[in-house]
Amino acid sequence: MRKPLITIAPMLLAALPAMAAETPLRPDQQAYRALYKEMVETDTSITTGSCTALAEKIEGHLRGAGFTSAELHRFAVPEFPKEGGIVVILPGTSKAARPILLLGHLDVVVAKREDWTRDPYAFIEEGGYFYGRGVADMKAMDAIWVDMLMRWRKAGKAPKRTIKLALTCGEETSTAFNGAKWLSENRRELIDAEFALNEGGSGRTDKPLEDGGRVVVQTIHVGEKTPVNYRIEATNPGGHSSTPVKDNAIYALADALARLRDFDFPVMLNDTTRAFFAKAGAARSDAMGKAMVAIAANPADDAARAVLDTDRSFHSMLRTTCVATLIDGGHANNALPQRAGANINCRIFPGVSAEDVRKALETVIADPRMTVVRTDNRGPDAKAPPLDPKIIGPAEKLVAKYYPGVPMVPVMSTGATDGVFLSAAGIPSYGPPGMFGNPDGGGTHGLNERISVKAVYTGRDLLTELVTVLAF
């Protein structure tokens, strides 16, 4: 799932050269590329694809690498036969060390051929980029996880910790079967781990690579907000439009939306966001950087808050947010409306309950004629994982190795991942650094999705080394 861009520039940092001269792929990179290509070219969208079909192909590769039936666990439910997944277990040698879980989603956002410049389900390398639906979100990482387990099994390497890999479906939609949710609720023992590595971390360039861009930051994803939708609705007896009155459902809704527009939830910080603002702010020399450092030291600093609120990403990171996204009302051109409503999409700060936010919306709207009802239940309320030094420390060292001079900062996603289901089950989830993208987001969830070839191969090496440090 696409995560909102974090504004870091202008950072005055040393960084990698934008593009290195092309070199021939190593044999292990060639094998990885073939696996990656197969994943991208297997349509796993909710409308025309099948995660189950891709899970079957992955199982075949793992069996070919030497994994046994006892180590491979396919799963699906009868109601959603195309949305199955697979769990793989590489046993460790230590009975005392708890397992590590690697998590990835196989499904992708729907892509229509007529909208894209290239076939979205063809894996194309062009101009230093890989193109195709899922090349960034998140089949590059899926392939990295599968590839590393296959290489270690073929080489006869056994980790100290057991390494588990869960590849699931349903992350990109809230209307179908979610494999991570199902595993956490029905096969908790299968994915039991001390912690999980998931999507969410990444790097950013200051401008596109082809324009001389350089990587200026790497992030590690530590926590996320809870996405919740509410419906606010006004009802009214209505009547004939030839005799209007001021008591009108549409007017009541408009007044409620205006009050919501003008309302901000209070500033909140946790360990992750405090560290983010302090570290990222210290790397800047402008007023925004000073405000970032100030808010980290004192969340009640109104002057710093006012500066940060001018940046939409920072505004969102500082609090729960709620925004109107859909609206409907009325039933005839010549009738006073009997009903008018709107969808309010909220991104709730970790530790705040959805019910508390619903009550806050009632208070802000301040109209007893209006109702506020939660309309979905994607999953549990988000919990913020700890900034665990045994994960943060190795990640920082590897960023320094692969991206010299580039800082790694912890970040709380204002979007959502399947990590929320793991955290609710007692498995803290982290999105490690490694790959990187351009400031434009690379078409993730949109048209012509792409990711830098250099980002993928560098990220593969970094992530493989990170899991090696954590597990071996």
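Annotations
- All Cα pairs of the chain, percent lying beyond 44 Å: 16 percent
- Positive minus negative residues near N236 (Lys, Arg vs Asp, Glu; Cβ under 9 Å): +1
- Taken one residue at a time, the phi angles of the stretch 369-383 give Karplus couplings (6.51, -1.76, 1.60, θ = phi - 60°) of 6, 9, 10, 10, 10, 6, 10, 9, 8, 4, x, x, 5, 5, 10 Hz. Gly and Pro are set to x.
- Dipole axis of the chain (+1 Lys, Arg; -1 Asp, Glu on Cβ), positive-most option in G415, A155, I344: A155
- Under Karplus coefficients 6.51, -1.76 and 1.60, residue-wise ³J(HN,Hα) of the stretch 337-350 in Hz, glycine/proline x: x, 8, 7, 8, x, 8, 8, 10, 9, 10, 10, 9, 4, x
- Angle of helix 271-282 to the longest C-alpha principal axis of the chain, folded into 0 to 90 degrees and rounded to 10: 80°.
- Measuring nothing but protein heavy atoms, the accessible surface of the chain at 1.4 Å probe radius is 55 percent carbon and sulfur.
- Rounded to the nearest 5, the antiparallel percentage of DSSP beta bridges internal to the chain is 70%.
- Residues in the chain average 41 Å² of solvent-accessible surface per residue, probe 1.4 Å, ligands and nucleic acids excluded.
- Evaluated over the Cα positions of the stretch 70-209, the convex hull gives a direction-averaged projected area, one quarter of its surface, of 11.3 nm².
- Entry note, the chain: relative contact order of 24 percent, from Cα contacts under 8 Å with a spacing of 6+ residues.
- When the alpha-carbon atoms of the stretch 258-352 are used, the pair Rg, Dmax equals 18.2, 60 angstrom.
- Given K139/K359; K112/K454; K37/K225; K160/K225, the pairs whose alpha carbons are separated by over 29 Å: K139/K359; K37/K225; K160/K225
- Cα centroid separation - the stretch 19-94 against the stretch 435-449, whole Å: 23 Å
- Cα shape, the stretch 357-472, gyration tensor, a/c 1.5 rule: prolate
- Dividing the helix sum by the residues of the chain, where each DSSP H run of 4 or more adds -39500 (n - 2.57), gives a mean residue ellipticity at 222 nm of -10000 deg cm²/dmol.
- Dipole of the chain computed with +1 at Lys/Arg Cβ and -1 at Asp/Glu Cβ about the Cα centre; of T321, A196, I100, farthest Cα towards the positive end is I100.
The values are calculated or read from the model by the stated rules, or taken from the named source; none is laboratory data. Just so we're clear, the structure is a prediction, and the values are computed from it rather than from any experiment. Positions of Cβ are generated from backbone atoms using ideal geometry, with glycine treated the same way; all protein chains shown enter the neighbour counts. Only protein heavy atoms, including side chains, enter the accessible area calculation; ligands, DNA and RNA are left aside. Shrake-Rupley method; radii C 1.70, N 1.55, O 1.52, S 1.80 Å.
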